[in-house]
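Here is the structure we will look at.
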Amino acid sequence: MRRSNGRKVPGNWTEEVDWELRPGGMLVQKRDDGLGGSGSKIKIKVSHGSYQHEISVPAQSTFGDLKKVIAQETSLEPQEQRLLFRGKEKDNEEHLHMVGVKDMSKIILLEDPASKERKLEQMKIDEGISKACEAVVFVRSEVDKLAGKVSMFEKSMNLRTKVDEKEFIVLTELLMRQLLKLDSIEAQGEAKVQRRIEVRRVQSLVDTLDHLKTRNSNPFSNSSNAVSVTTQWQAFESGIGSLSAPSPNPMSSSARTQDWEPFD
C-alpha cells in the first residue's frame, strides 16, 4: 500500500512524498533506492539437483514472487515448485526478508512429487500414442497396396473383363488380416481416431470387393441390378481383440443385407 502527499519546501514548490506499508503494519516514507520502486535487490542461490541458479529479486519479495522468477529460469511452473530455506518448506505468502533470506542466501528447489508423477504418466501416455500411431501408419501403407488392387478389379469390371474368383477371395483375406492388425493396436487420443478411420476404410474396401465379386459372376448384368452382399463384424470397442472377422460363406443367389455394426 502506498500513499503520496505533497509537502512544502523552500522555493514555494511542492515535493511528492511516497509512503509504503511495511509488513509489520507501520506506514513509513518510501526510501528512494534508485530501483524504480522495486526495493533493494538481493541475489539468491537456488539449488535444483545438480543445477545452480542465481536469481535477483527485491528483498521484500514473497516466496510466491520468487517462484514466478524461478519459472522463467527452469521448466517448472510455480505450482510445481517446493522451496526450502534452512531445511523448512516455505509458503507462497511468506516474505524473504522476514524469514532471514539475505544476499547470496541459498534456497533448495524441489519438484512437487505429485506433479512429477503426473509428468511421468503423461510421458507414458504420449509414448503409447506415438507407438500406436506408428503401428496404424504401417497398416495404412499395406492397405494402400491392397486398395490399388481393388481399383484394378473395378476397372476390369467396367471393361467387362472377368476376374478369377480366387483373386477376390485372396484379396478379401488380406484385407481382413489388416483389419485384425488394427484390432490388436491399443490406442488412445489421436491414435484411436486414426485407427477408427483406417478400420472404416478397410470395411469399405471389403464391401466393394463383395460387390465386385457379384458383378464378376454376372459380367453382363446391369450394375443397378447387382446383388447386394453383406459383411458383418462385431462391434469395435476397446481395440484389443474385440474384432473377429466372419468366416467366408459361399454366396447364395438370394440378396444379402449390407450391415456393418458400429466401430467406436
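The values are calculated or read from the model by the stated rules, or taken from the named source; none is laboratory data. Note that the structure is predicted; figures quoted are calculated from it, not measured. Cβ placement follows ideal geometry from the backbone for every residue including glycine, while neighbour counts extend to all protein chains displayed. Heads up: the accessible areas ignore ligands, DNA and RNA and are worked out on the full protein's heavy atoms, side chains in. Shrake-Rupley method; radii C 1.70, N 1.55, O 1.52, S 1.80 Å.
How many of the residues in region 62-90 are open to solvent by 60 Å² or more (accessible area, probe 1.4 Å) and either closer than 22 Å to Lys41 by Cβ or of a type in the set (Ser, Thr, Tyr) (or both)? Explain how you work it out, then say what you get.
In the first step, residues of region 62-90 are kept if they are open to solvent by 60 Å² or more (accessible area, probe 1.4 Å); the result is 65, 68, 72-73, 75, 77, 79, 82, 86-89.
In the following step, the residues that additionally are either closer than 22 Å to Lys41 by Cβ or of a type in the set (Ser, Thr, Tyr) (or both) were identified as 65, 68, 72-73, 75, 86.
Within region 62-90, residues that are open to solvent by 60 Å² or more (accessible area, probe 1.4 Å) and either closer than 22 Å to Lys41 by Cβ or of a type in the set (Ser, Thr, Tyr) (or both) number 6.
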Inset, instruction - Return yes or no: is Ser115 part of a helix (DSSP H, G or I), among the hydroxyl-bearing types (Ser, Thr, Tyr), in contact (Cβ under 8 Å) with a residue 24 or more places away in the chain and surrounded by fewer than 17 Cβ atoms within 10 Å (Cβ to Cβ)? - result: yes
Inset, instruction - Kindly indicate the residue of region 140-179 that is farther than 29 Å from Glu127 by Cα, of a type in the set (Ser, Thr, Tyr) and loosely packed, with under 13 Cβ neighbours inside 10 Å and also modelled with the highest pLDDT among those meeting that condition. - result: Ser151
Inset, instruction - Look through Lys131, Lys145 and report the one residue that is part of a helix (DSSP H, G or I), of a type outside the set (A, V, I, L, M, F, W, C) and under 21 Å from the mean Cα position of the chain (by Cα). - result: Lys131
Inset, instruction - Inspect all residues belonging to region 180-192 and state whether any of them is surrounded by fewer than 17 Cβ atoms within 10 Å (Cβ to Cβ), among the small types (Gly, Ala, Ser) and within 30 Å of Leu76 (Cα to Cα). - result: yes
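For region 82-103, check the following and say yes or no: at least one residue is assigned to a helix (DSSP H, G or I), more than 28 Å from the chain's Cα centre (by Cα) and among the aliphatic types (A, V, I, L, M). Reasoning before the result, please.
Just the residues of region 82-103 that are assigned to a helix (DSSP H, G or I), to begin with: 97-99.
Filter once more, keeping what is more than 28 Å from the chain's Cα centre (by Cα): 97-99.
If we keep only those that are among the aliphatic types (A, V, I, L, M) as well, we get 98-99.
Yes: region 82-103 contains one or more residues that are assigned to a helix (DSSP H, G or I), more than 28 Å from the chain's Cα centre (by Cα) and among the aliphatic types (A, V, I, L, M).
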Legend entry - Those residues of region 58-67 which are touching a helix residue (DSSP H, G or I) at 6+ places or on another chain (Cβ under 6 Å) and more than 15 Å from Gly100 (Cβ to Cβ), in sequence order: Lys67
